Amino acid sequence: MHKTSEWLQTFSSEKNTKSHSLDSFRPCVKISVTGGKGGVGKTSIALKTAQELAKAGHRTLLIDCDSNLSNTAIKLGLPMDNKFEKLLSSEKTFEECLIVQGNFHLLPACNGSIEVFESKINFDEVIIDIIQCHEHEYDYIILDCPAGMSVSTLTLNAYCDHRFVVVTPDKSSITDSYSLIKVLSNRFNVIDNHLIVNMYQNDRQFQKVVMTLTETIENYIGSRTTVLGGIPKLDVSAEGFDTFFLSEGKNEFHKNFVKLLYGFTEKVGGPMIRNSSAGHLAFEHDVQ
Ligand SMILES: Nc1ncnc2c1ncn2[C@@H]1O[C@H](COP(=O)(O)OP(=O)(O)OP(=O)(O)O)[C@@H](O)[C@H]1O
Ligand SMILES: [Mg+2]
């Protein structure tokens with residue numbers, strides 16, 4: 001493996017440098033989708049967020065940060081190709097490893113790659129290098145973070161402008177998100193986070209999770225929590241889940257998710273919605 005700086009040179013192509021002019025400069029908004037606990041919906045939410053932003057006209061890059069248990073391509077029904085290991089060894093460029101669907105770009109990671117398993121790379125450095133090299137090409141960069149609290153994941157969370165902390169009503173999920181937010185605050189000076197409650201079964205349960213977590217964070221950590229909203233537990237079969245979750249059906253779930261996202265893009269004052277005629281984000285601002 002090259003040193004990060006040398007490696008960086010290998011994919012900062014001339015084309016990318018040229019497309020970066022001050023006239024067209026708009027700050028890229030970087031969001032990590034995280035949560036500590038596994039299986040709470042991070043990847044599903046990261047994918048839908050990135051796809052909906054892209055549909056609304058934003059140039060959006062989703063980076064799969066689950067380095068060797070990558071699920072993003074699988075959820076889209078695409079083959080796993082482990083191209084990412086070739087990016088790490090500089091045998092392929094960033095562009096060659098991307099999956100491009102209009103404004104939606106995806107950089108998948110690997111699945112069970114022995115090279116990645118045995119490599120001594122600092123994954124957070126690699127991802128931050130990629131972001132720094134390409135952020136001028138995007139309005140939004142979304143990171144799909146793995147479960148757990150590794151230094152690498154915490155560093156990526158802290159590096160992003162915003163964190164979507166995904167929590168479910170499960171006690172262990174609430175505890176794990178609290179622990180994540182605590183370490184991010186104490187060791188990385190992260191003072192604010194956004195909360196998404198996933199898989200809640202009724203409004204009372206949603207409110208209870210919000211109250212428990214936000215009050216405990218406020219009293220014991222002191223960081224700010226912005227509640228983005230919730231996603232109910234969907235009654236869909238395991239086989240049909242990804243298609244239903246990512247599709248644009250005329251159902252309440254999809255409409256509410258888009259509202260939730262619109263509430264966020266309005267608040268952060270990031271790049272404004274370009275394609276208002278698309279209808280995807282043409283809702284009143286009433287997140288919860
Ligand atoms: N709102 C929901 N309603 C019902 N089931 C859900 C919901 N959200 C997620 N799930 C279920 O949880 C599974 C795991 O989702 P996902 O892969 O997005 O979680 P994750 O947090 O990324 O997991 P990991 O920690 O392993 O990366 C989904 O495949 C789906 O079966
Ligand atoms: Mg995941």
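The values are calculated or read from the model by the stated rules, or taken from the named source; none is laboratory data. A quick note: this is a predicted structure, and the numbers were derived from the prediction, not measured. As a convention, Cβ positions derive from the backbone with ideal geometry for all residues, glycine included, and neighbour counts pool all protein chains shown.
Scanning the range 217-240 for residues being without any contact (Cβ under 8 Å) to a residue 12 or more places away in the chain, surrounded by 13 or more Cβ atoms within 10 Å (Cβ to Cβ) and assigned to a helix (DSSP H, G or I) gives a total of 0.
Being part of a helix (DSSP H, G or I) and touching a strand residue (DSSP E or B) at 6+ places or on another chain (Cβ under 7 Å) holds for only one residue in 214, 175, and it is 214.
For residues in the range 30-40 being buried (at least 23 other Cβ atoms within 10 Å of the Cβ) and small (Gly, Ala, Ser), which is farthest from ligand 1 (Cβ to nearest atom)? Among residues in the range 30-40 that are buried (at least 23 other Cβ atoms within 10 Å of the Cβ) and small (Gly, Ala, Ser), the one farthest from ligand 1 (Cβ to nearest atom) is 32. Taking the listed residues 190, 126, 151, the one that is surrounded by fewer than 17 Cβ atoms within 10 Å (Cβ to Cβ), hydrophobic (A, V, I, L, M, F, W, C), at pLDDT 95 or above and away from ligand 1 (no atom under 14 Å from the Cβ) is 151, with no other qualifying. Whether any residue in the range 241-260 is more than 16 Å from ligand 1 (Cβ to nearest atom), out of contact with any strand residue (DSSP E or B) (no Cβ under 7 Å at 6 or more places or on another chain) and in a helix (DSSP H, G or I) is what I want to check. Within the range 241-260, not a single residue is more than 16 Å from ligand 1 (Cβ to nearest atom), out of contact with any strand residue (DSSP E or B) (no Cβ under 7 Å at 6 or more places or on another chain) and in a helix (DSSP H, G or I).
Checked against (1) modelled with pLDDT under 95; (2) more than 19 Å from residue 142 (Cβ to Cβ); (3) of a type outside the set (Asp, Glu), residue 93 meets all criteria but (1).
Of everything listed in (1) modelled with pLDDT of 90 or more; (2) among the charged types (D, E, K, R); (3) loosely packed, with under 12 Cβ neighbours inside 10 Å, the single unmet condition for residue 284 is (1). For the range 190-197, the criterion of a residue being in contact with a strand residue (DSSP E or B) (Cβ under 8 Å, 6 or more places away or on another chain), closer than 22 Å to residue 126 by Cβ and either within 16 Å of ligand 2 (Cβ to nearest atom) or of a type in the set (A, V, I, L, M) (or both) is satisfied by at least one position. When the range 155-172 is filtered for residues that are under 13 Å from the mean Cα position of the chain (by Cα) and in a strand (DSSP E or B), the ones remaining, listed by number, are 162, 163, 164, 165, 166.
To keep it simple, each residue is scored yes or no on (1) in contact with a Lys or Arg (Cβ under 8 Å, 6 or more places away or on another chain); (2) under 23 Å from residue 164 (Cα atoms).
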position: 66; (1), (2): no, yes
position: 71; (1), (2): no, yes
position: 76; (1), (2): no, yes
position: 84; (1), (2): no, no
position: 90; (1), (2): no, no
position: 94; (1), (2): no, no
position: 97; (1), (2): yes, no
position: 113; (1), (2): no, no
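Here residue 77 does not fit the description of being within 16 Å of ligand 1 (Cβ to nearest atom), over 20 Å from residue 103 (Cβ atoms) and modelled with pLDDT of 90 or more.
Within the range 42-98, the residues that satisfy the criterion of being within 13 Å of ligand 2 (Cβ to nearest atom), in a helix (DSSP H, G or I) and surrounded by fewer than 21 Cβ atoms within 10 Å (Cβ to Cβ) are 73, 74, 75.
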